[in-house]
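The values are calculated or read from the model by the stated rules, or taken from the named source; none is laboratory data. All of these numbers come straight from a predicted model, not from anything done at the bench. Heads up, the Cβs are rebuilt from the backbone with ideal geometry, glycines too, and the neighbour counts pull from every protein chain shown. Heads up: the accessible areas ignore ligands, DNA and RNA and are worked out on the full protein's heavy atoms, side chains in. Shrake-Rupley method; radii C 1.70, N 1.55, O 1.52, S 1.80 Å.
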Amino acid sequence: MKDLKEATVTEMNNNKKKAIRRLKCVGEDRISELPDAIIIHILSLLPSTKLCAKTSVLSKRWHNLWTYVPNLIFSQSHFPDILIDELEYQLDIIKRVVNKTLALHSSSKLNTFSIEISDIRPLYSSIESWLQLAVGRAVESLTLEFIHNGRSSTGYLLPQFLYSNSHIRILTTKLCEFVPDGRISWSALKELSIWRATLNDDVIQNILYGTPLLENLHLILCCGIKLLDLSLKPELKTLVINVSNYDSELKIVGPYVETLKISWTSDNFKCKLMNMSSLVKATLDFELIDHEDDPQESCLDMVDELVENVLPAEQLQLTNFCTQALSTLRMDVMESLSSNLRSLDVDCRGEEYLCGIERVLQCSHKLEKLVIYFDYV
């Protein structure tokens, strides 16, 4: 009995000591005990420079740590909402904040530089100086997003020094104009996304020739391109095209493309695929803006041809009018092309769609996954 009592007392003392240790830990700042490099890495995961700068008030040690974060991310949405007629005042505030931030910033290397604003006219010269700083610090991911607000009909004209760069790996532009004086050289670029730009065949070929490592190309709501020849781009595996109200023809030659997505909303858009022999995953999405309209017959013929060109893929997603094309393809053509199909996602808006889906099931003996989205109106 005495031994049991002593054991109980000992256990209680041990539990008491553990509880005291836990209480001492409650008030400790474990994060501040971490090395500066780890804290800076944690701060780099924050979505904006504004949030990083706010951490300077946490303690004296944290006062300057945010200035070593290798990311600079500015967005007009991070500033208080104001009236439209006070926009220039807000842009002036943004200019002063960005300039001060860059003056305080201590990192000699930039992983990310991102700027998102609406009206670029008052900030033209400032944006160029910001880009010079980013390029001077070997930025790897550059994002320039300028929002159309109806006050300017043109986008931001990219400065000439930006067309020759050996550090940028990811480039995203929105409402930017590409007018290079000479050859483009982006020797490290792997991902390129261009939104809302007026391009032409010469510019797009210049871009393709100057990007030997390019793997992903996104052209979103761009116009002016008639030929996209990727036959000399063995590294380019992903191509995304999104078109709205485009009334000319686009030819795509992509023997090395493995993932393809084409979306469009106008029956005036004409697209022709050529030599897509490496295709593994394809998405075709055709949706008229006016849902009550029926597409022109010539457009439906084009859709049939597009579906025929992507059927050899292993994974296929067809939406809206593209699903309907499955019911019009010749059975022998479907049998020869869909032999590798393993995954199929389709829209179903009526009984006429079910016929095409049934024909695919009859031909696709390797099919493992079928997803049907029913949308009866």
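Quick notes on this structure:
- If the condition is being more than 22 Å from HIS167 (Cα to Cα), touching a strand residue (DSSP E or B) at 6+ places or on another chain (Cβ under 7 Å) and either assigned to a strand (DSSP E or B) or open to solvent by less than 20 Å² (accessible area, probe 1.4 Å) (or both), then the range 187-218 contributes ALA197, THR198.
- Residue match in the range 101-120 (condition: open to solvent by 10 Å² or more (accessible area, probe 1.4 Å) and free of Cβ contacts under 8 Å to residues at least 24 places away in the same chain): yes
- Selection within the range 166-179 - touching a strand residue (DSSP E or B) at 6+ places or on another chain (Cβ under 9 Å) and of a type outside the set (Ser, Thr, Tyr): ILE168, ARG169, ILE170, LEU171, LYS174, LEU175, CYS176, GLU177, PHE178, VAL179
- Within the range 171-186, the only residue that satisfies the criterion of being among the basic types (Lys, Arg) and either touching a Cys at 6+ places or on another chain (Cβ under 8 Å) or not in a strand (DSSP E or B) (or both) is ARG183.
- Qualifying residue in the range 131-149 (condition: open to solvent by 30 Å² or more (accessible area, probe 1.4 Å), out of contact with any Phe, Trp or Tyr (no Cβ under 7 Å at 6 or more places or on another chain), within 28 Å of ILE40 (Cβ to Cβ) and small (Gly, Ala, Ser)): yes
- So ASP247, is it more than 20 Å from the chain's Cα centre (by Cα) and either crowded, with 20+ Cβ neighbours inside 10 Å or at pLDDT 95 or above (or both): no
- In the range 54-72, residue farthest from the chain's Cα centre (by Cα) [restricted to those that are open to solvent by less than 40 Å² (accessible area, probe 1.4 Å) and modelled with pLDDT of 90 or more]: LEU65
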